[in-house]
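The values are calculated or read from the model by the stated rules, or taken from the named source; none is laboratory data. Because the structure is a prediction, the values reported are computed rather than measured. Because the Cβ atoms are built from the backbone with ideal geometry, glycine has one as well, and the counts that use them run over all protein chains shown. Areas reflect the complete protein model, heavy atoms only, side chains present, ligands, DNA and RNA absent. Shrake-Rupley method; radii C 1.70, N 1.55, O 1.52, S 1.80 Å.
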Amino acid sequence: MGFLLNLFKRLTMPTAASATAPAAGTAPTEDADSTGGSFHVLMRIVRMAFDYPWLLALGLVFIVGASIFQLFIPLLIGDGVDTVEEVFTSPDADTDALRRTLVTTALFLLASAVLRGLFTFGHMYISENVAQRLGYRLRMLYYEKLQRLSFAYHDRVHTGDLLTRGLLDIEGIRAFASRGLLRVVYLAIFVSTGTFLMMRVDWELALISLSFVPIAAWRSIVARLQTSRGWRLYQEEMGRLTKVMDENLKGIRVVRSFSAEPYEMEKYDKSSNEAFNRAFHLVGVRAKNLSIITFAFLGVMSVVLLVGGLKVLDENDPFSLGQLAQFLAFMSIMQNPVRQLGMVVAGWAQGATSGKRLFEVLDQIPEIDDKPGAKDLVLSDGALRFENVDFAYMDEYGDEQVLTDVSFEARPGHTIGIVGPPGSGKSTLAHLIPRFYDPIAGRILIDEQDISDVTLSSLRRTVGVVEQDTFLFTTTVDNNVAYGDPWAEHRNIESATSHAQMSEYVERLPSGYGTLVGERGVSLSGGQRQRLSIARSIMLHPQVIVFDDSTAAIDAATEQRIRAALQEVTSDRATIIISHRLSSLMHANEILFLEGGKIVERGTHAELLELGGKYRDLYELQIRPEDDVQGGDGI
């Protein structure tokens, strides 16, 4: 068995051209043939199924058993009819002996039916078992791949499309493995053995009986071509439908604020109707195919009945009534496999389409990954340095230069403030430090080690980023805070929450730190979410801390308390503060003013005010009006 499996795998290995993975970060497209043609996709699924050889071997045993006992039934029916015929046509027949023969035949027929049912149950159970195992494996591979794909990839591909591939396409592959894998072997064994048995009895009548097979094969090929494209279009429409729903749920407050429910309903109805039309087309193709095959089958069966009946009536022909019954019984039990042929063809088409879409993602090469031989980051001081860094976002519209020749250094106990107009590259700069993206020129170093040469896990344990857009998981407060260190002691969770000025509020919650927050839990304000995000980042004690406008939703008084509390935490670490609010970074050791992706001004708060440039203009807009109001006559 192992030899046959290895031989099959070698024979079905895709060619070098078809096995080539997509270029790094390439978004999945239906036109790209990176996964190979339909045949190679199906063979790839089959090879994965062959990773369960003992289950498949057991399934084959059940298939052979089911086929044998299924084919016994027409033979026994024919013997029974000949026995009954002999009672009426032979005056010298031993009635008692014929009665015993008839009873024995009936018992064998009953036993064959029972055993056929048990073996059929066995092979269907094994088929579904293999299919479910394959589905589980693909789900885990797909989810693991999504964790590793770069941010650039996720920037280009819509979440709804990824959800559709991870749910509907994996289900399509599972359905193929369940209905189109071992079932094909069953049909092949059953039809070939049945053909041989009918040929033994009467080859002319056997050829008439099998004349519907070319029609069934032709219709199956036509249906395969039609449903292959149809399944692809249907999956695309389901992807668009998922996108519409995903965007609606994420932006439900915007929808309600603008009373845009009718527009959203119209948009969803349009996508849903397109998906319905695609599905209805597939149903029509399948129904048409099944109807033509069934009509051909019943037409041939009527011809068999006519020709076979004439042969029985011909006294010079040894063809008996029991043999005619055998032929009709053979054709009757072949009716179900013929009907299943349409399901098998649809399953293969769906499997090929779904597999192609799924493997387009699984074959993606992450843009950001550990280099061969990468070592863990070794910390000494924890100094961060940018050296002439350039960065550009690359998409289908071309390259968009975001950062140009950026250089600075943040030492332990040293705070860098970064300010600038929207779109100047501030958040992009923050995302380069934990290597969410790679610069196109220049280097980023921590303790003289290029971050592209160290392992991502060690780098991201060293760098903590508090994002502007906070995200909380649907779990308890303590689980959210300790997300990066699930085994953290509770006192450490309380300490981090206290530094983020959130402990008093948490203690007032119904279950304290055990209160459920997130999408299905307690509704937190934007500022409270940002404070929990700050607590989550400092829990890991990173050597480099980046605050990316992480106090934008926090009032000035609370921000001052957070800054005072964090002085102890950041006293021996490199800190970068990105903010539109100058009061958040005036205390920094060095302030960088970004504009158009370039550092146009740098210095301390006092030096930049004295310079009288863009920073001074921003200060006049933000701070001086507040000072004037506070120092005025109260107007």
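Placing +1 on the Cβ of every Lys and Arg and -1 on the Cβ of every Asp and Glu, with no other charges, gives the chain a dipole of roughly 1860 debye about its Cα centre. Note on surface exposure: Arg156, Arg508, Arg133, Arg385 rank Arg508, Arg133, Arg156, Arg385 by accessible area, highest first, 1.4 Å probe.
For the stretch 184-343, a simple Cβ point-charge model (Lys and Arg +1, Asp and Glu -1, everything else neutral) yields a dipole of about 700 debye relative to the Cα centre. Taking the Cα atoms of the chain, the ratio Rg/Rh between the radius of gyration and the Kirkwood radius comes to 1.17.
Under the criterion of Cα pairs below 8 Å and six or more residues apart, the relative contact order for the chain equals 14 percent. Among the chymotrypsin sites (Phe, Trp or Tyr not before Pro) found in the stretch 451-485, those both in a DSSP coil and sparsely packed, with 11 or fewer other Cβ atoms within 10 Å of their Cβ, are Phe471. Here the accessible area of the chain is 59 percent carbon and sulfur, with a 1.4 angstrom probe and all protein chains present. Altogether, the Stokes-Einstein calculation at 25 °C and 0.890 mPa s, with the Kirkwood radius of the stretch 569-612 over Cα pairs as Rh, returns a diffusion coefficient of 214 µm²/s. Probing with 1.4 Å while keeping every protein chain in the model, the per residue accessible area of the chain equals 50 Å².
Return the FRET efficiency for the residue pair Val114, Arg443: r is the Cβ-Cβ distance, R0 is 60 Å, and the value is rounded to the nearest 0.05. Result of the calculation: an efficiency of 0.20. Sort out the exposed loop GluC sites (Glu not before Pro) in the chain (DSSP loop, at most 11 other Cβ within 10 Å) and tell me the longest stretch that has none. After excluding every exposed loop site, the longest remaining stretch is 1-314. Pairs spanning more than 28 Å between alpha-carbon atoms, out of Lys375/Lys598; Lys145/Lys371; Lys145/Lys288; Lys288/Lys356; Lys270/Lys356; Lys145/Lys243: Lys375/Lys598; Lys145/Lys288. For the stretch 423-530, the relative contact order comes to 25 percent (Cα pairs under 8 Å, sequence separation of at least 6).
Each Cα pair under 8 Å and six or more residues apart adds its separation to the average, and for the stretch 368-414 the resulting relative contact order is 38 percent. Normalised by 2.2 N^0.38 Å, where N is the number of residues, the C-alpha radius of gyration of the stretch 410-535 stands at 1.23.
Between the residues Leu403, Met334, Ala352, the greatest Cα displacement towards the positive end of the dipole of the stretch 286-441, with unit charges on the Cβ of Lys, Arg, Asp and Glu, is found for Met334. For Ile221, the accessible surface of its heavy atoms amounts to roughly 110 Å² (probe 1.4 Å, protein chains only, rounded to the nearest 10).
In the stretch 328-392, inverting the average of 1/r over every pair of distinct C-alpha atoms gives 18.5 Å as the Kirkwood radius.
The solvent-accessible area of Arg536, taken with every protein chain present and a 1.4 Å probe, is close to 40 Å².
Using the Cα centre of the stretch 465-513 as the reference point, and only Cβ charges (+1 on K/R, -1 on D/E), how large is the resulting charge dipole? Debye, rounded to the nearest 20.
Numbers: 2 positive and 8 negative charges, 20 e Å.
Value, rounded to 20: 100 debye.
What number, rounded to the nearest 500 deg cm²/dmol, is the helix-based mean residue ellipticity at 222 nm of the chain, given -39500 (n - 2.57) per DSSP H run of at least four residues and division by all its residues? All intermediate terms of the calculation are to be shown ahead of the outcome.
On the way: 24 runs with 392 residues, N = 635.
Helices in the chain give a 222 nm mean residue ellipticity of -20500 deg cm²/dmol.
Between the helical axis of 321-362 and the longest alpha-carbon principal axis of the chain there is an angle of about 10 degrees.
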